[in-house]
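The values are calculated or read from the model by the stated rules, or taken from the named source; none is laboratory data. Not measured: the values here are computed from a predicted model. Methodologically, a virtual Cβ is constructed for each residue, glycine included, from the backbone with ideal geometry; neighbour enumeration extends over all protein chains shown.
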Ligand SMILES: NC(=O)c1ccc[n+]([C@@H]2O[C@H](COP(=O)([O-])OP(=O)(O)OC[C@H]3O[C@@H](n4cnc5c(N)ncnc54)[C@H](O)[C@@H]3O)[C@@H](O)[C@H]2O)c1
């Protein structure tokens, strides 16, 4: 195809896809059935992971729950069974350890079957300035928040590719799209998670594995304890989200094969401005939206617990 024809085709298709996405803003997309799917959720012992487990289980999926927190896992499993779920499988797995991920993944394949929806949700944060962040904790953040994604994808993606059926879900953060002070470890890991997920998304397209879907989730602050103490300057624009609401939005995004989910909706506006405006104007906005001071009152989970 020559340059003129190809350019014309790209412009026409881009306009079509733009129109399609505008239509889907008002007309709800069809939701796929996840009943019978095997859904693995890391960090299922609390917060968003717990609600995701309960929601997928209530939709008839088999849920495989991973965490390092045994008590948390037990509680999630109890709640799921209380809601009528029968296919709930719990495994203690430290996702930051490559060999442990591969070992437990093999166990899951033998005992439960091939995972068809993988949700990388486990996460950790230091919440200190770069200079005050202990090296070992920086390494831990990167191991849990991004390296674990490599190991879990390597363990479960081959079966999805073989059947051309599956879904890879990455719980990143708005901190994976915008740098925030006192979050250098966390932002680095979440930017990496966004880039990793996007890269695998295009890899699947390039290989023709269009049945393997991907969803990247970038929420702002959620009331789970991980960012305890942090306050939003304009709660009407950027409210602290409830984990159950976030989990509901994620499950809907997965069922609608939505590639990227930002929460709340105002984040789409902020992100557009970030990419359009000059750096000095962005710095002004970062201050205006209170992002510069969001970590000032951070306590986090470790100190609280
Ligand atoms: N809380 C927020 O404000 C917020 C905002 C944006 C994104 N997120 C992301 O959402 C995800 C869920 O966070 P949450 O708010 O529910 O936090 P949470 O602390 O309630 O849950 C995280 C879970 O991950 C588990 N975990 C930690 N290290 C692990 C490891 N090495 N191996 C296995 N499990 C491990 C913890 O035990 C815990 O159960 C995280 O990826 C987080 O970064 C959270």
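Observations, loosely collected:
- So residue 23, is it part of a loop (DSSP other than H, G, I, E, B), loosely packed, with under 15 Cβ neighbours inside 10 Å and without any contact (Cβ under 8 Å) to a residue 12 or more places away in the chain: no
- Filter pass, residue 208 being modelled with pLDDT of 95 or more, assigned to a loop (DSSP other than H, G, I, E, B) and either surrounded by fewer than 21 Cβ atoms within 10 Å (Cβ to Cβ) or within 13 Å of the ligand (Cβ to nearest atom) (or both): yes
- Meets criteria (more than 11 Å from the ligand (Cβ to nearest atom), surrounded by fewer than 17 Cβ atoms within 10 Å (Cβ to Cβ) and touching a residue at least 60 places away in the same chain (Cβ under 8 Å)) for residue 259: no
- Among the numbered conditions (1) free of Cβ contacts under 8 Å to residues at least 40 places away in the same chain; (2) part of a loop (DSSP other than H, G, I, E, B), the only one that residue 275 does not meet is (2).
- Residue match in the stretch 190-202 (condition: surrounded by fewer than 23 Cβ atoms within 10 Å (Cβ to Cβ), closer than 17 Å to residue 129 by Cα, more than 12 Å from the chain's Cα centre (by Cα) and modelled with pLDDT of 95 or more): no
- For the stretch 165-194, a residue qualifies if it is outside any helix (DSSP H, G or I), more than 12 Å from the ligand (Cβ to nearest atom) and under 22 Å from residue 102 (Cα atoms), and the qualifying residues are 165, 166, 167, 168.
- Residues in the stretch 211-248 that are free of Cβ contacts under 8 Å to residues at least 40 places away in the same chain and part of a loop (DSSP other than H, G, I, E, B): 6 in all.
- Here residue 227 clears all of (1) within 12 Å of the ligand (Cβ to nearest atom); (2) on the phi > 0 side of the Ramachandran plot except the condition numbered (2).
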